[in-house]
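Read through the structure below, which is laid out as structure tokens, and then see the notes.
The values are calculated or read from the model by the stated rules, or taken from the named source; none is laboratory data. Since the model is a prediction, treat every value here as computed from it, not as a measurement. Cβ coordinates were reconstructed from backbone atoms using ideal geometry, including for glycine residues, and neighbour counts include every protein chain displayed. Quick note on the areas: whole protein, heavy atoms, side chains included, nothing else; ligands and nucleic acids left out. Shrake-Rupley method; radii C 1.70, N 1.55, O 1.52, S 1.80 Å.
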Amino acid sequence: MSDIIKVLPDHIANQIAAGEVIQRPASVVKELVENSVDAGATSVHAAVYDAGKSLIRISDNGSGMSETDARLCFERHATSKITRADDLFAITSFGFRGEALASIVAVAQVEMKTKRKEDKTGTLIEINGSELIRQEEAMCSDGTMISVRNLFYNVPARRKFLKSDATELNRIIEEFQRVALAYPDVAMQLSHNDKDIYHLPRQNLRQRIVAVFGKNIENRIIPVKIDTTVVQLEGFIGKPETATRTNSHNFFFVNRRFFKHPFFYKSVVNAYGNLIPSDTRPDFFLYFSIPPETIDVNIHPTKTEIKFENEQIIVRYITSCVRESLGKTNMMPAIDFDTLPSFDIPPMPKGKEVSMPGIKIDPTFNPFKNDTTPNPRTESFGDKLSKMIPGIQLEPDPVQTGLNLNETASEKHSFFQIAGKYIVTQYGKGMICIHQQRAHMRVLYEDFLQKESTGTRVSEKLLFPETITVPAADVPLLQSLLPVLQRMGFDMEEFGRDTFVVHGKPAGLNDFNSENCVQGLLEMHRESGETRYKDNSEMVAYSLARSSCMKEHKVLTEAEMEYLFQSLFACAQPSFTPSGKPVFFIMDENEFEKKFR
Ligand SMILES: Nc1ncnc2c1ncn2[C@@H]1O[C@H](COP(=O)(O)OP(=O)(O)OP(=O)(O)O)[C@@H](O)[C@H]1O
Ligand SMILES: [Mg+2]
């Protein structure tokens, strides 16, 4: 048999290698923006179209490239950033492998225009799937502009695995944020389909954080700083009272490179000690400066994992630095003259008329009319329980209990509140204990979903409209959720730039806070993306229910407890909250008996 091993041609080898570096449009944005910063640009513009699936164009005013370099930069292992093996241990630039551009041209149609300051004319070069189409002299401004079209056009399997535009755009925004937070001294712009998401001038770090995450964060963070021979650490951490259960504002940078580090992360959280509840996490933006030879960047293709020579010592510094800062700010008022002016009145969109607040009523609403829509709520409590908990004893002894389970919902029996959190009542020969807050959440969740699908949700007009400002990165997401929110009675519309105005809230909710609700919704989406919920309606309904359900330790009257109990067991799925936590448990007679053995 003849020899069978062949060396793969370059374009196939490049395509395979590209799989490591370029996984989605966001990877292209990351690699190109990093190249621009490495080229000393003071201004970078990333313009993406259709979440980067049709076109990504990055322009910068950096060093530009000579005619020869313009061709060479697309070769594998072609880099200007290291020359010797030793350089690998002292990396100060984002790039060093000379792989990013070679990977991008292997899986897309690329055009680049580039010019150095000292040259009169620049170079235009076009490459499709690693194949050079043309290279010629061109008139262009100083710097480099790279257009990447139809990513994965020649790898259909990869293209098919791209997620929805909203998700891919979110990833792009995330990558962009990481560079923007590392280089506040570089002006950076990100636009999607010609609409600006970010337009950031050169600014100081605090201003950049506020510009990226919105004005809300301005009063939530405090500075930290420590300067030792091993490491310099500075940045900002969240005030303890602003820690949240789901948190996406966690950023570590080392020598201006974003990285992830579970051990450091834990040490930051632990440093807060009892100042934050155990299920919450603080914000932090921590910047390490460290001699480059004491870290190893080259352990993962995306360079977000970094090995530190002095890990244990750094952890100790993190802890003392965070604690010191928390201690100091408890004593000092937080005045910072570096921050942006605090007035931020959104501009009135052109052609918008001012309207008097009014009350919207539904003239056809008749509280005494029977609802004719099919309702899962007609099933009795007993029927439902027997389906949910197979084997449960459903034949109570009427003589002993005085209770017919199939009629429980209409039977009168006593309800008790325990620890301000739980409702206990008799069930068969045992008892049922209900988590009142979770029960309320489940009831509201199903109510939102049902009324959305039947179009019966009523909105309660606010006397004074409220404005909500969200981080610019979240604007496209919130825009896409507006129709669902409106169908659920949350009357909200866009009000220019990153501001939305709320005219009405879902009727009949006492504890509803528009701002909390929107922030919770955005946080939830960032955390779980599309993966967890079947559709936007479920996610919005959960978020609305979560932010408007009763707070813990709410004292309830017996009538309220009974009402909640009946509403819960009128739900289609009363056993769990929308996020899968148990809502109640039952102790039957056998379990009582066991306790007394
Ligand atoms: N925007 C730019 N301006 C000037 N030169 C650039 C630009 N982008 C790339 N280059 C040049 O092209 C080379 C190859 O870029 P590429 O991103 O492929 O590799 P790298 O940045 O050196 O390493 P890595 O693969 O780790 O990113 C760079 O080393 C740099 O010299
Ligand atoms: Mg690079």
* When residues of the stretch 61-80 are limited to those that are small (Gly, Ala, Ser) and buried (at least 18 other Cβ atoms within 10 Å of the Cβ), the one farthest from residue 254 (Cα to Cα) -> 70
* Looking only at the stretch 53-62, decide whether some residue is more than 12 Å from ligand 2 (Cβ to nearest atom), in a helix (DSSP H, G or I), among the aliphatic types (A, V, I, L, M) and assigned by TED's automatic domain parsing to the domain that holds residue 118. => no
* Asked: Picking from 487, 497, 526, which residue would you name as being on the phi > 0 side of the Ramachandran plot, open to solvent by 60 Å² or more (accessible area, probe 1.4 Å) and not small (Gly, Ala, Ser)?
  -> 497
* Only one residue in 196, 185 is of a type in the set (Asp, Glu), in contact with a strand residue (DSSP E or B) (Cβ under 9 Å, 6 or more places away or on another chain) and open to solvent by 30 Å² or more (accessible area, probe 1.4 Å). Which one? -> 196
* Structure fact -> Of the residues in the stretch 81-95, those that are open to solvent by 50 Å² or more (accessible area, probe 1.4 Å) and either without any contact (Cβ under 8 Å) to a residue 60 or more places away in the chain or within 16 Å of ligand 2 (Cβ to nearest atom) (or both) number 7
* Filter result (open to solvent by 10 Å² or more (accessible area, probe 1.4 Å), within 16 Å of ligand 1 (Cβ to nearest atom) and touching a helix residue (DSSP H, G or I) at 6+ places or on another chain (Cβ under 7 Å)) within the stretch 36-60 -> 37, 60
* To do: Report yes if some residue within the stretch 105-122 is touching a residue at least 60 places away in the same chain (Cβ under 8 Å) and in contact with a strand residue (DSSP E or B) (Cβ under 7 Å, 6 or more places away or on another chain); otherwise report no.
  => yes
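Every residue, every condition in (1) surrounded by 24 or more Cβ atoms within 10 Å (Cβ to Cβ); (2) under 25 Å from residue 42 (Cα atoms); (3) in contact with a helix residue (DSSP H, G or I) (Cβ under 7 Å, 6 or more places away or on another chain), yes or no:
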{"site": "98", "(1), (2), (3)": "no, yes, no"}
{"site": "107", "(1), (2), (3)": "yes, no, yes"}
{"site": "123", "(1), (2), (3)": "yes, yes, yes"}
{"site": "159", "(1), (2), (3)": "no, no, no"}
* Structure fact -> Here the qualifying pairs (Cβ atoms under 9 Å; residues six or more apart or on different chains; first in the stretch 202-215 and open to solvent by 20 Å² or more (accessible area, probe 1.4 Å); second among the aromatic types (Phe, Trp, Tyr)) come out as 205/236; 205/285; 205/287; 206/236; 211/198
* Structure fact -> Within the stretch 96-122, residues within 17 Å of residue 57 (Cβ to Cβ), of a type in the set (Val, Ile, Thr) and more than 15 Å from ligand 2 (Cβ to nearest atom) come out as 107
* How many residues does the stretch 21-48 contain that are within 15 Å of ligand 2 (Cβ to nearest atom) and part of a loop (DSSP other than H, G, I, E, B)? -> 4
* Asked: Can you tell me which residues in the stretch 450-498 are more than 16 Å from residue 517 (Cβ to Cβ) and in contact with a Ser or Thr (Cβ under 7 Å, 6 or more places away or on another chain)?
  -> 454, 495, 498
* Kindly indicate whether residue 233 is open to solvent by less than 40 Å² (accessible area, probe 1.4 Å) and in contact with a Cys (Cβ under 8 Å, 6 or more places away or on another chain). => yes
* How many residues does the stretch 448-476 contain that are touching a helix residue (DSSP H, G or I) at 6+ places or on another chain (Cβ under 6 Å), part of a helix (DSSP H, G or I) and aliphatic (A, V, I, L, M)? -> 2
* To do: Please enumerate the residues belonging to the stretch 252-276 that are of a type in the set (Phe, Trp, Tyr), touching a residue at least 24 places away in the same chain (Cβ under 8 Å) and either open to solvent by 70 Å² or more (accessible area, probe 1.4 Å) or farther than 11 Å from residue 288 by Cα (or both).
  => 263, 264, 272
* Asked: In the stretch 83-101, what residues are within 36 Å of the chain's Cα centre (by Cα), more than 8 Å from ligand 1 (Cβ to nearest atom) and part of a loop (DSSP other than H, G, I, E, B)?
  -> 90, 91, 92
